[in-house]
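Each remark here refers to the structure printed beneath this line.
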Amino acid sequence: MPSPGRRDKKRKQRIRQRNQQQNPQGNEQRHLQGNGASSPAPKRDDNTSKSGNRATYNNSKHNEFTNSEIHGGASFTHNYNTLQQALPMDARMHGDLQKLVQTIDWHTLSSQLSVIDQDKHRSTISDFNLDEPENFWITKNLDFMQWESDNDLRTLLLSAPPGHGTTEVCSHFIDIAEGKDSQAGGPVFYFFCSSTPKAQCSTYLTHTLLYLVVHCSNTGKSNSIAAAFLSTLVHRHFQRHSPNFRESDPQETTIKMVLDAPDNELIEALAEALKKAGIRKSSIVVEGL
């Protein structure tokens with residue numbers, strides 16, 4: 001029969017083993033403390049715990065990016081390096097295209113533009129009668145009368161349903177604007193959307209106005225105006241995405257791709273062309289926007 005001392009020793013061993021099973025972390029901390037059993041246990045650091053969790057996850061078989069590989073066998077590092085190599089190529093292509101558009105002369109660009117003769121279209125429009133009662137909604141309008149009499153007012157927006165004489169009144173506005181700008185020395189540009197297919201109005205509008213800007217500018221500026229217009233479009237193309245321009249494409253194909261741009265970018269390019277032309281004062285009359 002075991003002595004009482006041996007029974008107490010075994011009982012203490014069983015208690016110690018049960019405590020180790022219930023609190024393994026505390027046991028590990030006491031083990032790390034070594035012989036200094038009386039020193040307090042270190043305070044748990046949440047950041048250290050989180051780092052440990054991240055390390056555990058990174059080394060687990062469920063982590064897609066372990067060893068820089070994605071499930072399916074593709075190398076993440078390889079794909080990233082491939083992307084890095086593609087970006088400089090786009091930048092080089094962007095630079096090459098910018099150099100190319102600087103060499104395109106106005107004659108080459110104008111052959112690719114969709115231009116409609118606005119003088120010819122305007123000649124088919126009936127005269128606007130100021131004294132007709134049906135036109136009083138315009139002629140008796142305070143905004144219109146102020147715009148007509150004040151040379152400093154440059155903007156007038158006229159809105160009406162179809163069939164209310166907006167085309168005729170726009171033709172009349174051109175006469176008024178030309179009278180104003182003859183004193184200021186600025187040109188008048190105009191465009192009738194009724195002269196074009198509705199779906200392509202913006203394209204015809206910007207191309208025709210660009211054509212008019214070049215023909216109203218000083219001799220010798222036509223090529224630089226064309227370059228400013230195309231350069232703006234090229235820049236916007238590469239901001240939106242990586243276009244499928246190829247070095248082997250003929251110049252005409254490249255120009256068509258550059259001109260294929262959203263309406264807002266075409267308008268922005270037209271504004272840059274106006275700046276390049278050095279036209280400080282001008283009037284633009286547009287019907288049917």
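The values are calculated or read from the model by the stated rules, or taken from the named source; none is laboratory data. These numbers come from a predicted model, not from an experiment. For neighbour counting, all protein chains shown are included, and Cβ atoms are generated from backbone atoms with ideal geometry for every residue, glycine included. In case anyone asks, the SASA skips ligands and DNA or RNA and just uses the protein heavy atoms, side chains included. Shrake-Rupley method; radii C 1.70, N 1.55, O 1.52, S 1.80 Å.
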Working with all protein chains in place, sort Thr253, Thr103 by solvent-accessible area computed with a 1.4 Å probe, largest first. Thr103, Thr253
If you take the alpha carbon radius of gyration of segment 220-289 and divide it by 2.2 N^0.38 Å, what ratio comes out, to two decimals? 1.25
In terms of modelled amide H atoms, which long-range or inter-chain residues lie less than 5 Å from the amide H of Phe189? Ser283, Ile284, Val285
Let me check something: with ligands and nucleic acids excluded, how do Ile174, Ile279 order by accessible area (1.4 Å probe), largest to smallest? Ile279, Ile174
What accessible surface, in Å², does a 1.4 Å probe find on Arg14, ignoring ligands, DNA and RNA and rounding to the nearest 10? 130
Order His207, His215 by their accessible area, 1.4 angstrom probe, all chains in place, largest first. His215, His207
Using label points projected 7 Å from each Cα along Cα→Cβ, tell me how many nm separate Asp117 and Asn218, to one decimal. 3.1
At 1.4 Å probe size, what's the solvent-accessible area of Thr219? Round to the nearest 10 Å². 140
Ignoring ligands and nucleic acids, Lys10 exposes an accessible area, probe 1.4 Å, in Å² to the nearest 10, of 100
Note down the nm distance, to one decimal, between modelled labels 7 Å out along Cα→Cβ at Asp249 and at Ile279. 2.8
Base-10 log of normalised Debye intensity for segment 107-229 (one unit scatterer per alpha-carbon) at q = 0.16, 0.21 Å⁻¹: -0.93, -1.33
